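Note sheet for the following structure.
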Amino acid sequence: MKIKFVHFLRLLFPCNYIEWAVFLFFIVCYGILGSYIALHYRIIFDSRIPWDAYFSFDNKAIVMTGGSFERHPLSYYFFNWIRAIALFISNGKMDATFRLTLAWFSNIAISLSLVQVFKYLKNIIQLPLIITLLIILFFGIFSTNIILSFTPENFTYTLFLLTLYNHYAAIKIRKEEKIPASALVLAGITIGGLTVTNIVKVFIPVLFEKKLFKNWKKLGSAALRVSIACIAYILLYLNRIDFKYQTIFSKTNQQYEKFSNVKSTPIWDMICSFFFGGNILFPSFIISDKNNMKGFAYKGLFMDTYSSWVPYIFVGIILILLCWSYMRNFKNKLVQVIVISFFVDILIHCFMRFGLHTSYIYGGHFIFVYPLLLGWLFHSYRSAPKTLSFLALSISILFVYLLINNLIRMSEFFWFLDTYYQ
């Protein structure tokens, strides 16, 4: 038991000098950003603003309640702890110290997420250090990571839990070991508890356990482990709503109708600008008048579609690289796990169109797929120096453009804060 606990800590946290260096680099960069915003502006948490202060995040609602039970069934309990700790540190006041604590919780979660991706690239894919650092720096300036690094939201912690679980599952699959029922239960409750649709992703790695469909005992074992995880999750979910299961269907239908019938922008453009692009490359912003339904008016900031051809080219190149990686590594079980997990989000947001008009806020559910697939693409050409050089040069050019664009957009974000949220 002690050995397993030590292994879990080594999986969870940095465990060598380079991993600590990566962690400290991002926690300092994100920490400066989040601390400045928390101490000088009220946008991270304002008791008068329940939702949509920036990019459709529901900061106050999430911190106070964990979000709606039909989408975030168990996050209520998680955010009770987050809120209680933040209030303890701020002496019961929802002031700048309270905001600062919330921002640093987010900062730590996102920085640890980057460490998990770094570990995957270095230990599972076994890329050279220089390539690993290039990809992790590229990933670190994705718009999703920048925004979630100071945002108290479900997506912030979902990103960490999903990167952690994918790293853990990759280790198990590589060692040809089964994922134990205890791990499935824990992952199902935490990942599925924060966002209900993500529980599907917990069970995807089980499908790729060695000789699963060639051995009835292994198949039965897998079915039993998945069943135990599902039963534990369902019982906790039902307990959360006092076993009034009828409300799940009515509320879910209401949410789907509310978030799936936006026709203001062509579907193809929302898919490109918001789903595939907005989680990486900031588009331009739109300011909107909002109201908290209790007489308080405020300004909200939203992402617009891309306004020039260059961002579309950027997104197109990224997608080409991802598809290239998938085709090159089609027979790789670990790549299939990543892509199937990504397809769950594509199905929900692009095909079913749930929240497609604001799909840039859902990046915490899938954005880690990008660096992992890029890593596998580099790995597939490990014996082709010219192709490796071409890929490294391509990512470097994309990195420079991404950095410049996102710095400019963040300056616009600070203008918004200076104007409306001091």
What is the fewest-to-most order of 305, 144 by other Cβ atoms lying within 10 Å of their Cβ? 305, 144
Contact order normalised by length for segment 270-375, with contacts defined as Cα pairs under 8 Å and 6 or more residues apart; what percent is it? 33 percent
Counting all C-alpha pairs of segment 71-211, share separated by more than 26 Å (%): 33 percent
Going Cα to Cα from residue 93, which lysines come in below 25 Å? Please leave out same-chain ones fewer than 8 positions away. 60, 294, 299
Using +1 at the C-beta of Lys and Arg and -1 at the C-beta of Asp and Glu, which of 326, 364, 347 has the Cα lying farthest in the positive direction of the dipole of segment 2-420? 326
Quick one: what do you get for segment 2-420 if you divide its Cα Rg by 2.2 N^0.38 Å? 0.97
Under the 0.36 nm per residue contour assumption, what length would be gained going from the current alpha-carbon distance of residue 330 and residue 419 to full extension? 27.1 nm
Where does the chain land at 222 nm, in deg cm²/dmol rounded to the nearest 500, when only DSSP H runs of n ≥ 4 count, each adding -39500 (n - 2.57), divided by all residues? -20500 deg cm²/dmol
Can you give the direction-averaged projected area of the convex hull of the alpha-carbon atoms in segment 1-93, in nm²? 8.9 nm²
Straight-line reach check, residue 172, cutoff 28 Å on alpha carbons, 8 or more apart in-chain or any other chain, hits among lysines -> 2, 4, 119, 122, 201, 210, 211, 214, 217, 218, 331, 333
Membrane-span-like helices (DSSP H runs, Cα span along own axis at least 18 Å, mean Kyte-Doolittle at least 0.5) in the chain -> 17-40, 75-89, 96-119, 181-194, 216-240, 309-328, 333-345, 385-420
Give the share of C-alpha pairs in each 5 angstrom bin for segment 278-422, from 0 to the last occupied bin, in whole percents, shortest bins first. 2, 8, 14, 17, 17, 15, 11, 7, 4, 3, 1, 1, 0
Mean shadow area of segment 262-337 over all directions, Cα convex hull, nm²: 7.5 nm²
Spin-label point model (7 Å from Cα, Cβ direction): what's the residue 16 to residue 3 distance in nm? 2.1 nm
Could you line up 83, 409 from fewest to most neighbouring Cβ atoms inside 10 Å? 409, 83
Dimensionless Rg ratio for segment 120-182, taking C-alpha atoms and the 2.2 N^0.38 Å reference: 1.34
In debye to the nearest 20, how big a dipole does the chain give about its Cα centre with +1 on each Lys and Arg Cβ and -1 on each Asp and Glu Cβ? 1580 debye
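Values in this text are rule-based calculations from the coordinates and carry no lab data. Every value quoted in this text rests on a predicted model; they were computed, and no experiment measured them. No Cβ is skipped: glycine too gets one built from the backbone with ideal geometry, and neighbour counts run over all protein chains shown.
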